1. Out of curiosity, is PRO94 outside the structural domain of SER34 (by TED's automatic domain parsing) and either loosely packed, with under 15 Cβ neighbours inside 10 Å or at positive phi (or both)?
2. Report the residue count in region 48-58 for those that are touching a residue at least 24 places away in the same chain (Cβ under 8 Å) and surrounded by 15 or more Cβ atoms within 10 Å (Cβ to Cβ).
3. What pairs can you find where one residue is in region 11-25 and farther than 20 Å from LYS57 by Cα and not assigned by TED's automatic domain parsing to the domain that holds GLN78, the other is part of a loop (DSSP other than H, G, I, E, B) and modelled with pLDDT of 75 or more, and their Cβ atoms are less than 6 Å apart, with a gap of 6+ or different chains?
4. When region 1-57 is examined, which residues are found to be within 13 Å of the chain's Cα centre (by Cα), charged (D, E, K, R) and at negative phi?
5. Residues to consider are SER79, SER106; find the one that is at pLDDT 80 or above, assigned to a helix (DSSP H, G or I) and among the hydroxyl-bearing types (Ser, Thr, Tyr).
6. Kindly indicate whether ILE65 is aliphatic (A, V, I, L, M) and over 18 Å from ASP98 (Cβ atoms).
7. Could you tell me whether region 59-80 includes any residue that is touching a Pro at 6+ places or on another chain (Cβ under 8 Å) and surrounded by 14 or more Cβ atoms within 10 Å (Cβ to Cβ)?
8. Can you name every residue in region 27-47 that is surrounded by 15 or more Cβ atoms within 10 Å (Cβ to Cβ) and either under 22 Å from ILE65 (Cα atoms) or not assigned by TED's automatic domain parsing to the domain that holds GLN78 (or both)?
Amino acid sequence: MKSSKYCICAKGYEVHTPRVVEAIFYECVPVIISDHYVPPFFEVLDWEAFAVFVSEKDIPNLRNILLSIPEKKFLEMQSRVKMVQQHFLWHKNPVKYDLLHMVLHSIWYNPVLQSSGTYPITGVT
């Protein structure tokens, strides 16, 4: 994976696949092949900026899709992969914005905002 430009992250049998995080760890642009995949920390990270999403029906065109991405755009995406790595790293002593903080944010964000439809501090919808 370390020597690959793109890493295929096809949907598996589980809700999430470790391939996405492995791709980010190895600084490889994730190619997420799934029609209904919700990536981790979607509420915070702009996945379109550092990953390629391919619908399942477009698998036969995967090669052409990846070859059509200009080198400049690929390099920008790869640079962004390196930037988001910090959010997927686990530290013995938590570091600001590391995996622990991201998970805690996701736990807080999803039930609070989706159940009430309001922002808890201001009450604004």
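The values are calculated or read from the model by the stated rules, or taken from the named source; none is laboratory data. Because the structure is predicted, anything quoted here is derived from the model rather than measured. Positions of Cβ are generated from backbone atoms using ideal geometry, with glycine treated the same way; all protein chains shown enter the neighbour counts.
1. Spelling it out, PRO94 is indeed outside the structural domain of SER34 (by TED's automatic domain parsing) and either loosely packed, with under 15 Cβ neighbours inside 10 Å or at positive phi (or both).
2. 3
3. If the second residue must be part of a loop (DSSP other than H, G, I, E, B) and modelled with pLDDT of 75 or more, no pairs are left.
4. Matches in region 1-57: ARG19, GLU22, GLU43, ASP46, GLU48.
5. Going through SER79, SER106 in turn, just one is at pLDDT 80 or above, assigned to a helix (DSSP H, G or I) and among the hydroxyl-bearing types (Ser, Thr, Tyr): SER79.
6. The answer is yes for ILE65.
7. No, that holds for no residue.
8. Passing the criteria: GLU27, CYS28, VAL29, PRO30, VAL31, ILE32, ILE33, SER34, TYR37, PRO39, TRP47.
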